[in-house]
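Student: Sharing a structure, written as structure tokens. Questions coming.
No lab work stands behind these numbers, since they all come straight from the coordinates. For clarity, every value in this text was computed on a predicted model and none was experimentally measured. Positions of Cβ are backbone-derived with ideal geometry, glycine not excepted, and every protein chain shown enters the neighbour counts.
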Amino acid sequence: KQRRTSSSGLTLEQKKTNHIMSENRRRNQIRSSFDRLVELVPQLDSTESRSEYAILTKTANYIVQLRKENERLEQL
């Protein structure tokens, strides 16, 4: 007989399975978001090996570049 937890009515195995599925969804969403950044940021080449650090650093640099360009254009 499997023990049920008091508050949710789920067994420990069900809770573990739900947690694993939730964590996998979270990882997939993060991976998808990094892939989207690679598509949007010109300095990121989709064929090169890329770490999350490199993606975030190049994305931040690109945003700074875009802000500077916007400021320049606003002054025209």
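Student: Would you kindly calculate the mean projected area, averaged across all directions, of the convex hull enclosing the Cα atoms of the range 12-74, in square nanometres? Mind dumping the intermediate values first?
Tutor: Numbers: hull surface 23.6 nm².
Value for the range 12-74: 5.9 nm².
Student: Let me ask you something else. Relative to the Cα centre, what is the charge dipole magnitude of the range 12-74, using +1 at the beta carbon of each Lys and Arg, -1 at the beta carbon of each Asp and Glu, and rounding to the nearest 20 debye?
Tutor: Around 320 debye, computed over the range 12-74.
Student: If each of Leu76 and Arg36 carries a label point 7 Å out from its Cα toward its Cβ, how far apart are those two points in nm?
Tutor: A separation of 3.0 nm, rounded to one decimal place.
Student: Not counting the cut sites, what is the longest span of the chain without trypsin sites (Lys or Arg not before Pro) that DSSP labels loop and that have at most 13 other Cβ atoms within 10 Å?
Tutor: Details: sites that count: Lys1, Arg3.
It runs 4-76.
Student: Another question about this same structure. Give the residue list of GluC sites (Glu not before Pro) in the chain that are DSSP loop and have at most 11 other beta-carbon atoms within 10 angstrom.
Tutor: Glu48
Student: Round to the nearest 0.05 the FRET efficiency obtained for Glu48 and Met21 when R0 = 25 Å and r is the Cβ-Cβ distance. Can you show the working numbers first?
Tutor: Values: r = 32 Å, r/R0 = 1.28.
That pair, Glu48 with Met21, gives E of 0.20.
Student: Further, regarding this structure: Have a look at Leu76, Ile30, Leu40 and report the one farthest towards the positive end of the charge dipole of the chain, computed about the Cα centre with Cβ charges (Lys/Arg +1, Asp/Glu -1).
Tutor: With unit charges placed on the Cβ atoms, the residue in question is Ile30.
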